[in-house]
Every structure is written in C-alpha cells, then in structure tokens.
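Taking it in order: structure first as structure tokens, then the write-up.
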Amino acid sequence: MSEQEAEQSPVAKKIEDVGRTTLIGVSEIGYCASLIWESLYWAFMGKSMGQPVRLQSVFAQMMETGIRAIPIVAMLAVTVGMMLAIQGIYTMRIFGAESHVTIGIAFSVVREFAPLITGILVAGRSGSALAARIGIMNINQEVDALSVMGINPVRFLVAPALLAMVIMVPCLTFFSDVIGLLGAGIYVSLDLGVSLAAYWDQVFEWLRVDDVMHGLGKSVLFAILIAVIGVANGAGVRGGAEGVGKVTTRAVVQSISAIVLTDMLFAFMVTR
Amino acid sequence: MTKPTEAELLARPKVIEVEDLVTHYGERMILKGISMDVREGEIMVIMGGSGSGKSTLLRHLMSLEHATSGTMKLLGKNIADLGLKDTYALRRKIGVAFQGGALFSSMTVGENIKLPLREHTDLDEFTMDIMARMKLEVVDLAGFEDLTPSELSGGMLKRAAVARAIIMDPKLLFFDEPSAGLDPVVAAQLDELILRLRDAMGMSIVVVTHELDSAFRIADRITMLDHGHILMIDTPEKMKNCDNTRIQNLLNRRIEEEELDPDAYLRRLTGEDRQHERP
C-alpha cells in the first residue's frame, strides 16, 4: 500500500468499507445460488455419479422439519385465525358489514398469514437448527471428513435438507390454511351466530385455487431461502461455540428478513 | 518388522509427489515452494513448529485445498487434472484420522465406521456389521460399536477414527496430530497401531505431529518444515545428527533469540503491518 493510500480521507475509507461489505454480500448471495444449483445437480445427477441423495435422509429431515412442527404450527395458525376474526369483525362492524368478514379472513389467511407464519416458524425452528448443525460439523472437521471419504457434503447434508423443506413447508402451509380458517370460523360462528357449515360455504364461495396456490407458491420460495441461508451461515462459522451461536442468530434474522421481503415482492408482482 | 533402509525406500514407487507447491491464505504466503515425495509402504512424518505450514500441507495432501501453483500427484494422479467423479474415486483410496476424530456425533461408533461402506458399496447390512467389527478389533475397540462418540475417551475416539479411516482398506493413510492431548501410554499405543497398520496392511502413512518421541519412533523419513519452507527431508537418525542449527533447536526445544527489528516493531504497534495484509 502506498503512502497516499495509507492517508485516505475518512470519506474514502467509508466508501471503501461500503464497497467491501457489498462485495461480501454479493459473494454470499452467489454462494447461496451455487448451493441451490449444486443441491439440484446432486438430486438429479447423483445416481449417475455414484452418489445418490438418500431418500432415508430426506425422510428424516421431513420428519424433523415438517411432522414435528405440526403442533406449534397448529397452535399459531388457530391463534392467528381467531385474531383475524376478532379484528375483522371489529373493523367491519363500523360499516355494519360484519357478516362479510369471512371474505377478508379467507383471503388474508390463505394468501398471506398462513405462508408467512409458517415460514417464520420454520426459519426459527429448522433454519436455526440447520445452521447450528452445519456450523458444529464444520468446527469438528466433520465436513472435511465427508470430503476426504469421497462423500460430497452438499449431496449428503444440504440436498436432503433443501428437498425436505421444499416438500414440507408447502404442506405445513396448507395445514396452516385449514387450521387458521377453522380457528377464525369458530370465533365467527360464536360471535355472529352463524353455523360453521355456513361459514365454510362462504369461504369456498370466495376462495379460488389460485388464491391457495399464491400462498403455496410463496411457501416454496420461503423453504429455499430458509435452507440456503441456514447452510450458508453454518458453513461460514468461525471461532468455536460462540461462532455457532452467532451464525445461528444470524441465520434466523436473515431468513425472516428474506421471507418478509420476498413476500412483499411476490405479492407486488403477482397481485398487481 | 524392521524399518526399511533409505535405499530400500527410495527404490519403491512414489504414492505422493509434490513439486514446488505454493499456497496463500489471502495475501499471506503459507507454503513457499514445497517439493517432497512419499514412497509406497513408507511412514512419513511431517514436523515443524507452530505456523510452519504443516497442517496446511496436510490439507493439500488430502486435496482439501487448491494450491496457488505447483503440482501434486496422489497415487500417480495429478490432482489438478482430475474431474469431480475421479476426485471422489481417488478419495476412496485414502483414509484420514483427524486430530479430534471428526466422528459424526449423531451416529454411533459402528454407524460412523460403516458410513463409507454404506455410501460407496452395495454390501448388505450384515456384511457391513462384520467389517466394522473387524476394524474395531484392529484398533482394540471391539464391543464399542453401539456407543456414541461422546461416550468415548480421547484415545478411544482417535482409535475409532482410525477404524473409520481404514474401513475401505485405503492405500494411503493420513494422521493429523495423533498423539495430541493423549497421555504418554495411550500415545505409545497409538504409535504401535500406526506401525502395525503399515506392517499388516502395507499402507503408506503420512503423520503430522509435533511430538518428538512419537515421530522418531514411527518415522521412516521426516520432513521438517519451517515458515513454509522445507528445512530437511531425511531419516530420523540423519536428522538427529545433522548440523542445521534451526533443526537442532526444534528437536532439542531450544528457544531462538530473535533479533529485534525496531522498524518492524513500530509497524506492529501502529497496526501498519495489518493494513498491508488486507485483501
């Protein structure tokens, strides 16, 4: 470094820092993209390379990501459904139109709240676990051990987790749709005195397959984001147990931010 | 079995051939033109002080890192020329016992040992069980297959790692600091195991260590590294008797007085040297 460079102005240093941070950000996005590509490569080409993605590993991950999350997803979905019904009836009552509250609830739950709540929950539950697992394996040289045993770490660790998420997050979202609508229906029938059957009739009258697919489509994107962000953070761990704690927190924060941002962009591009 | 003579060793074919290997971490040069070879059935010990580059060299020998320049041949194949499939095929012929074992904590010892078989062969479960037990017998851990790695002591963990490393009957075996953190008796047992593996299975073995007793006990030849350079490659006897001051200081644990460079000292204090290292 020349003397002139060493005596940079604070503004130039700031610009350099911003540039450096941007470069790191871009390289992280590139790494995430390469993880998706590599996972797909091993999922489809693994068998011909003598390294198939094991269905047993995918099922184990599906169990962990999906089945074990059912109770907490159900609890949150029913709560959010009821909350939407309470707020919806309160708002519509101002216009004396509370009998039309079902339309708002149905669209809100299926298009927005079910995928969002499920995505956030899976990010906190499975995304963090994935980051911690990969991080600890990295520190203990377990990832190196896989490589030297001739086992591709992306094929062995990342592809099963990604496939499991892409399958289970939409399933959980659909489950969340049903339970959320049911929770809202229970409150609506109690408050407005309409039967549950009449409530479901109204829901099915207004909801179309497109609305359900809108939510499920988003949930697939959320699943990919949660998996690659978790893995990318775990792979970049530095500094022992403290480092694992940091990347786990970072993975959750980044996943939730990415989910909310993607949700807005998706809604903007598809709904308009 | 007695150690082969130097002439006998050098007459054997090379299983590892490194030519002018240069590597960097960021802008820092770690290995500065390393050239060495390992012969068939040889136990080569790589030694050196902290920061000498021995762990980096080992990672390159295991083909886990890419070199800046230079060539490296493993079992006759140039690493740089290999495609993905060939690289993985080559790696099946090498085994590595990592410093901390690197056993998968979510699996039992038996499952850890069977993992390479499960991934690379079509053997049935019963045959894999028998093979895993055979390797556990070799490392004196028979009956421990159902325990998890967290239930093993340091020495047992390292031996279990050796069992996993030899499950595919590799031609080439790497050990990273096998004696580190072990008491002298357990360390000696591990040395015996390394010698036994070479004698019984004819493997070529590369050991990175800073334990002098262990190195002189097992090595056919020793590569002495210092600040990314090779100081000497020779038999333990010749190394002991050489007149290189640096090597004698390392072997006899003598502290070298470094001449103080006032300019360098000032640069370290002001942090100027770090600015130079920034990518």
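No value in this document is a laboratory result; all are computed from the given coordinates. Just so we're clear, the structure is a prediction, and the values are computed from it rather than from any experiment. A quick note on method: Cβ atoms are made from the backbone with ideal geometry, for glycine too, and the neighbour counts reach across all protein chains shown.
Details
- FRET E, pair A:L55, A:S195, Förster distance 56 Å, beta-carbon r, rounded to 0.05: 0.80
- Charge dipole of chain B (Cα centre as origin; +1 on each Lys and Arg Cβ, -1 on each Asp and Glu Cβ, all else neutral): 400 debye, rounded to the nearest 20.
- Sequence-separation-based contact order of chain A, relative, with Cα cut under 8 Å and 6+ spacing, percent: 30 percent
- Working note: 222 nm ellipticity from helices only, DSSP H runs with n ≥ 4, each -39,500 (n - 2.57), summed and divided by the residues of chain A, gives -26500 deg cm²/dmol to the nearest 500.
- In a reduced charge model with +1 at each Lys and Arg Cβ and -1 at each Asp and Glu Cβ, the protein assembly as shown shows a dipole moment near 860 debye about its Cα centre.
- Based on Cα contacts under 8 Å between residues 6+ apart, region A:42-192 shows a relative contact order of 48 percent.
- Integer Hz, Karplus 6.51/-1.76/1.60 couplings in order for region B:123-130, x for Gly and Pro: 5, 7, 4, 4, 5, 4, 4, 5
- A simple packing score, the average count of other Cβ atoms within 10 Å per residue, orders the peptides B:230-236, A:79-85, A:19-25, A:30-36 as A:79-85, B:230-236, A:30-36, A:19-25, with the highest score first.
- Sorted peptide list for B:41-47, A:51-57, B:192-198, A:224-230, criterion being average Cβ within 10 angstrom, highest first: A:224-230, B:41-47, B:192-198, A:51-57
- Counting DSSP beta bridges with both ends in chain B, the antiparallel % (nearest 5): 55 percent
- Centre separation in Å (Cα based) which lies between region B:225-245 and region B:173-204: 22 Å
- 0 to 90° range, to nearest 10: angle between helix A:209-235 axis and chain A longest Cα axis: 30 degrees
- Average beta carbon contacts from partner chains per residue of B:94-102, 10 Å cutoff: 4
- Modelled this way, with points 7 Å down the Cα-to-C-beta line, the labels at B:D169 and A:K47 are 3.0 nm from one another.
- A straight chain from A:M75 to A:V260 at 0.36 nm per residue would run longer than the Cα-Cα distance by 64.5 nm.
- Neighbouring partner chain Cβ atoms per residue of B:85-93, average, 10 Å criterion: 3
- Listed residues B:T223, B:P4, B:I79: farthest to the positive end of the dipole of chain B (Cβ charges): B:I79
- Cut-off 16 Å (backbone N to label point 7 Å along Cα→Cβ of A:W37), residues of region B:76-91: B:84
- Dipole-positive endmost among B:I30, B:H66, B:L193 within chain B (Cβ charges, Cα centre): B:H66
- Cβ-Cβ FRET estimate between B:S106 and B:V22, R0 fixed at 45 Å, reported to 0.05: 0.70
- Semi-axes of the equivalent ellipsoid of region B:1-79 are 25, 15, 10 Å, computed as sqrt(5λ) over the eigenvalues of the C-alpha gyration tensor in descending order.
- Taking every alpha-carbon pair in chain B and binning the separations at 10 Å intervals from zero gives 6, 26, 33, 23, 10, 3, 0 percent.
- Each label point was placed 7 Å from the Cα along the Cα-to-Cβ direction; for B:S35 and A:V253 their separation is 5.1 nm.
- Highest mean packing comes first when the peptides B:218-224, A:98-104, B:58-64 are listed by Cβ atoms within 10 Å, giving B:218-224, B:58-64, A:98-104.
- Share of alpha-carbon pairs per 5 Å distance bin for chain A, given as whole %: 1, 6, 11, 13, 15, 13, 10, 9, 7, 6, 5, 3, 1, 1, 0, 0, 0
- Here region A:55-271 is assigned +1 on the Cβ of each Lys and Arg and -1 on the Cβ of each Asp and Glu. Its dipole about the Cα centre then comes out at about 560 debye.
- Using C-alpha pairs below 8 Å separated by at least 6 residues, the relative contact order for chain B is 25 percent.
- Acute angle (nearest 10 degrees) that the helix B:154-165 long axis makes with the longest principal axis of chain B, alpha-carbon atoms: 70 degrees
- Choice from B:E151, B:E119, B:E137 showing the highest fluctuation, given a GNM over chain B with Cα pairs closer than 10 Å: B:E119
- In degrees, nearest ten, helix A:55-65 long axis to first principal axis of chain A (Cα): 60 degrees
- The protein assembly as shown - convex hull of the alpha-carbon atoms, volume per residue in Å³: 207 Å³
- Positive-pole candidate from B:N112, B:Q99, B:F126, dipole of region B:75-149, charges at beta carbon: B:Q99
- Site pair B:S50 and B:A7 shows an inter-label distance of 4.4 nm when each label is modelled 7 Å from Cα along Cα→Cβ.
- Zero-based 10 Å bins, Cα pair distances in region A:108-161, whole percents: 23, 36, 22, 14, 5, 0
- Average beta-carbon neighbours from other chains, 10 Å sphere, peptide A:138-145: 6
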